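What follows is a set of notes on a single structure, which appears directly below.
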Amino acid sequence: MAKPTLVVMAAGIGSRYGGLKQVDPIGPHGELIIDYSVYDAIRAGFGKVVFVIKEELEEIFRSRIGRRIEQKIETAYVYQRLNDLPAGYSVPAERQKPWGTGHAVLCCRDAVDTPFGVINADDFYGATSFRALADFLAEARDGGAVYQYCLVGFELENTLTEHGSVARGICTVDSEGYLREIHERTRIEKCGVATRYTENGQDWVEIPRGSTVSMNTWGFTPNFFGELEYAFGQFLERNRANLAKAEFYLPEVVGGLLARGKARVKVIPSHERWYGVTYQQDKPRVKEAIAALIARGAYPADLWGE
């Protein structure tokens, strides 16, 4: 039986951070957040990693990441190109950002042929999150009238930064632990002891404490690529007047499948605390957290033993 594949979305510009956060060291021997994610994935049973990158970043990715990781696990690189579009569409001259997380995964359609997990490159998820994902994918199969996918869900309060807003998918989970709805909120902030979001920068809505959120830690089977391709075409048609800025979000694709009864998504709770570098000010906290995990024996000080 083939081992699952891990898709790592690493093509984001990192505009709020002010640099290429995907290649910013946070470990004592120059390890990146990606290193810890792949290390956890290998321990959990993944057999391949696919990095989704911007083409112009391939050289730095190969030099800063590939040389280590390619010795440990089968590794592939996929470009998220702006011009990877269906016939009849072209890239607006003013478009600079990638098309979004849904498009990032779609770009992997020729590089993935096993059940696969999806993560962000700049988020630290913790070892138990990868074990839960791998356990689900080990039993996942294509086929059936209703797709069977999964999401590792995090507690909202464990995923926030003190230094500004974050984007999260707010989840509604039914009594059996399946995802009922998911809504991408691109501006979530702490406000005292409360957490709130806004869509227009003026009107704020409080999010209930303990809410389950998505950190883009998904588990899919290869049939998802066909659904992504169809949904991307619908997205482009729907946003013809706004293709300079519109983004194709992965949670919206999943939400559409749920609404049409085409998929069930098991929500696997994770009590891990998220660490990420959304902003430059986040970096010291992430480095302290990694140092504490090393001190507890969760990771070796020299992750890859080089």
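Answer yes or no: is there a residue in region 134-147 that is within 29 Å of Q280 (Cα to Cα) and modelled with pLDDT of 95 or more.
No: zero hits.
Among G276, G201, which is the only one that is surrounded by fewer than 12 Cβ atoms within 10 Å (Cβ to Cβ) and modelled with pLDDT under 95?
Working: G276 fails: surrounded by fewer than 12 Cβ atoms within 10 Å (Cβ to Cβ).
Residue meeting the stated conditions: G201.
What is the one condition in (1) in contact with a Lys or Arg (Cβ under 8 Å, 6 or more places away or on another chain); (2) surrounded by fewer than 16 Cβ atoms within 10 Å (Cβ to Cβ); (3) of a type in the set (G, A, S) that A93 does not satisfy?
(1)
Restricting the search to region 176-235, which residues are under 28 Å from G117 (Cα atoms), of a type in the set (S, T, Y) and either out of contact with any Phe, Trp or Tyr (no Cβ under 9 Å at 6 or more places or on another chain) or not in a loop (DSSP other than H, G, I, E, B) (or both)?
Across region 176-235, the qualifying residues are Y178, T186, Y197, S211, T212, S214, T217, Y230.
Restricting attention to region 222-255, which residues are of a type in the set (S, T, Y) and either surrounded by fewer than 14 Cβ atoms within 10 Å (Cβ to Cβ) or under 16 Å from C150 (Cα atoms) (or both)?
Once the filter is applied, which keeps residues that are of a type in the set (S, T, Y) and either surrounded by fewer than 14 Cβ atoms within 10 Å (Cβ to Cβ) or under 16 Å from C150 (Cα atoms) (or both), region 222-255 yields only Y230.
Tally up the residues in region 25-53 that are over 13 Å from P4 (Cβ atoms), without any contact (Cβ under 8 Å) to a residue 40 or more places away in the chain and surrounded by fewer than 20 Cβ atoms within 10 Å (Cβ to Cβ), please.
2
Output the number of the condition that I170 fails; it satisfies all remaining conditions of (1) of a type in the set (A, V, I, L, M); (2) closer than 20 Å to D123 by Cα; (3) surrounded by fewer than 18 Cβ atoms within 10 Å (Cβ to Cβ).
Unmet condition: (3).
So, of the residues in region 149-167 that are crowded, with 19+ Cβ neighbours inside 10 Å and touching a helix residue (DSSP H, G or I) at 6+ places or on another chain (Cβ under 6 Å), which turns out to be nearest to R260 (Cα to Cα)?
My answer is C150.
Do you know which residues across region 281-303 are surrounded by 15 or more Cβ atoms within 10 Å (Cβ to Cβ), farther than 15 Å from G126 by Cα and either of a type in the set (A, V, I, L, M, F, W, C) or in contact with a Gly (Cβ under 8 Å, 6 or more places away or on another chain) (or both)?
D282
Out of all the residues in region 270-292, is one or more basic (K, R), touching a Phe, Trp or Tyr at 6+ places or on another chain (Cβ under 6 Å) and not in a loop (DSSP other than H, G, I, E, B)?
no
Do any strands (runs of 3 or more DSSP E) entirely within region 1-117 hold 2 or more residues that are under 30 Å from A241 (Cβ atoms), among the charged types (D, E, K, R) and at pLDDT 95 or above, and if so, which?
none
The values are calculated or read from the model by the stated rules, or taken from the named source; none is laboratory data. None of the values given here were measured: they were computed from a predicted structure. All Cβ positions, even for glycine, are placed from backbone atoms using ideal geometry, and neighbour counts span all protein chains on display.
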